[in-house]
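The values are calculated or read from the model by the stated rules, or taken from the named source; none is laboratory data. Keep in mind that what you see is a predicted model, and the values were worked out from it rather than measured. Note that we place each Cβ from the backbone using ideal geometry, even for glycine, and neighbour counts take in every protein chain shown. The protein model used for the area step is the full one, side chains on, heavy atoms only, and it has no ligands, DNA or RNA in it. Shrake-Rupley method; radii C 1.70, N 1.55, O 1.52, S 1.80 Å.
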Amino acid sequence: MKEQIAFDRAHVWHPYTSMTDPLAAFAVESASGVRIRLRDGRELIDGMASWWCAIHGYNHPQLNRAVETQLADMAHVMFGGLTHEPAVRLAKMLIDMTPASLQHVFFADSGSVAVEVAIKMAMQFHAARAKGKKTAADRLMTIRGGYHGDTFGAMAVCDPVNGMHEKFAHLLPAHFFLDRPVARFGERLEGREIETAEKLMIRHRDRIAAFILEPIVQGAGGMWLYSADYLREIAALCARYDILLIADEIATGFGRTGRMFACEHAGVVPDILCLGKALTGGYLSLAATLTTGRVARGVSADGGVLAHGPTFMANPLAAAVAAESIRLLQAGPWQQRVAAIERQLVDELGRYADHPGVADVRVLGAIGVVECTETVDVERVQRRFVDAGVWLRPFGKLIYMMPPFVIDEQDLRRVTGVVGLGL
Ligand SMILES: *Cc1c(COP(=O)(O)O)cnc(C)c1O
């Protein structure tokens, strides 16, 4: 095992790490339910759901069976010119569970690609309409503090300063950024955010193809939970100024915020919706971009096609396990579970609010965030958490958690209990 870890350290990149001075990585042997078992025999309670994904826990018998059953038929076939039951079934489920106007599905192989596809849809929609005119709307509008993925198109709408991508800023298209809303979730809007947004839209309305945002919860850009009023007002402005609204629900989708989709907190229906992460219950990489008939027809109004087609588009194994994950979610009491997790997080993380090392505590659904006053020493703090039997992965000043929905009260208490070790 030591040898494997040494090889990994010398040769294998991990997310956002250096090859010369990598952070430590723990070797995992297996995972089951809400437990991650390390090669050295230690068991960790999972507080991360593998970055929002594993909502039903690991090694779930029904999800395993869905993969195995599909595997007996086929692991993969190309999607150009071919189709299959898992893709059609999943598309139907997604169309049924999202707002009625969303009727068309593009299956991508990761969240970042789903965002690229959403951006292409919006730009092609405007370009096809503007055929013959000199310019088409080809810029985006977004909120600072956002995160939409690591590919170039997605990077260009991540936070331009604190985002992980400032190194490429000079290569990225210059989009229009608004400050993140000050008003928190549950609060009314009091600032001038909407006025500012409207002014910018009026000034550049011929250039802005779409407004892209993470509804209610800004995830990897800083875990900020903002007012539903803001989302509602931005959606209304987009409709008024003929700007498409792209909701990136890759992190928030499938119940995480207490609603199936975070847009529901504001009663907003986007023109384009990106899904990913928990889509397959954490089993395989799959994402989806949904849109309306209007946008789908608009994209091809000039006789053109949507310019995207990944090799592993609509992978049957991923589609099969996604359909089973959604079925499991819909058949179970996820609302009660997420509500119970929320109550417990409010109660147990709330106790850290007065700690001198804590700047802020915020909770929504099965998401708990403790913002520290100083940057967290990830390696040191993580080791302490692991020694205490809990898997959490802090970043920046944030110690945050989004456990599998199936975590029980006792295990969640152990997860919230270790936070103090990081302060
Ligand atoms: C994780 C994430 C992405 C990118 O998804 P990948 O599958 O990592 O490419 C995009 N948007 C949001 C909101 C995310 O949380």
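Scanning region 236-257 for residues that are closer than 14 Å to residue 142 by Cβ and either open to solvent by 10 Å² or more (accessible area, probe 1.4 Å) or outside any loop (DSSP other than H, G, I, E, B) (or both) yields a count of 7. In the set (1) within 16 Å of the ligand (Cβ to nearest atom); (2) open to solvent by 40 Å² or more (accessible area, probe 1.4 Å); (3) without any contact (Cβ under 8 Å) to a residue 24 or more places away in the chain, residue 50 fails one condition alone, (3). Restricting to region 82-92, name every residue that is in contact with a helix residue (DSSP H, G or I) (Cβ under 8 Å, 6 or more places away or on another chain) and open to solvent by less than 40 Å² (accessible area, probe 1.4 Å). Within region 82-92, 84, 86, 87, 90 meet the criteria. Restricting attention to region 333-351, the residues being over 21 Å from residue 254 (Cβ atoms) and open to solvent by 30 Å² or more (accessible area, probe 1.4 Å) number 4.
Here 306, 284 are screened, and the one residue that is away from the ligand (no atom under 15 Å from the Cβ) and part of a loop (DSSP other than H, G, I, E, B) is 306. Is it the case that some residue within region 67-81 is of a type in the set (D, E, K, R), open to solvent by 80 Å² or more (accessible area, probe 1.4 Å) and assigned to a strand (DSSP E or B)? Checked region 67-81: no residue is of a type in the set (D, E, K, R), open to solvent by 80 Å² or more (accessible area, probe 1.4 Å) and assigned to a strand (DSSP E or B). Checking each residue in region 124-147 for being open to solvent by 50 Å² or more (accessible area, probe 1.4 Å), of a type outside the set (Ser, Thr, Tyr) and touching a residue at least 12 places away in the same chain (Cβ under 8 Å) picks out 129, 131, 138, 139, 144. One residue stands out among those in region 258-281 that are β-branched (Val, Ile, Thr) and away from the ligand (no atom under 12 Å from the Cβ): the one that is most open to solvent (accessible area, probe 1.4 Å), which is 269.
Test residue 296 against the stated conditions and say whether it is in contact with a strand residue (DSSP E or B) (Cβ under 6 Å, 6 or more places away or on another chain), more than 15 Å from the ligand (Cβ to nearest atom) and not in a helix (DSSP H, G or I). So residue 296 does not fit the description; no.
Tell me, yes or no, whether region 262-280 has at least one residue that is among the basic types (Lys, Arg) and on the phi > 0 side of the Ramachandran plot. Yes; the residues of region 262-280 include at least one that is among the basic types (Lys, Arg) and on the phi > 0 side of the Ramachandran plot.
Got at least one residue in region 89-109 being among the small types (Gly, Ala, Ser) and either over 27 Å from residue 301 (Cα atoms) or outside the structural domain of residue 218 (by TED's automatic domain parsing) (or both)? No, every residue in region 89-109 fails to be among the small types (Gly, Ala, Ser) and either over 27 Å from residue 301 (Cα atoms) or outside the structural domain of residue 218 (by TED's automatic domain parsing) (or both). Here region 391-407 is the region considered, the condition is being free of Cβ contacts under 8 Å to residues at least 40 places away in the same chain and in a loop (DSSP other than H, G, I, E, B), and the residue that is farthest from the chain's Cα centre (by Cα) is 397.
Each residue in region 209-230 was checked for being under 13 Å from residue 266 (Cα atoms), more than 10 Å from the ligand (Cβ to nearest atom) and assigned to a loop (DSSP other than H, G, I, E, B), and 2 pass. Listed here are the helices (runs of 4 or more DSSP H) enclosed by region 82-171 that have at least 1 residues being more than 16 Å from the ligand (Cβ to nearest atom): 85-97, 111-129. Set side by side, the residues 198, 214, 187 differ, and just one is open to solvent by less than 30 Å² (accessible area, probe 1.4 Å) and either acidic (Asp, Glu) or more than 15 Å from residue 246 (Cβ to Cβ) (or both), which is 214.
Taken together, the residues in region 1-22 that are surrounded by 14 or more Cβ atoms within 10 Å (Cβ to Cβ) and more than 24 Å from the chain's Cα centre (by Cα) amount to 4.
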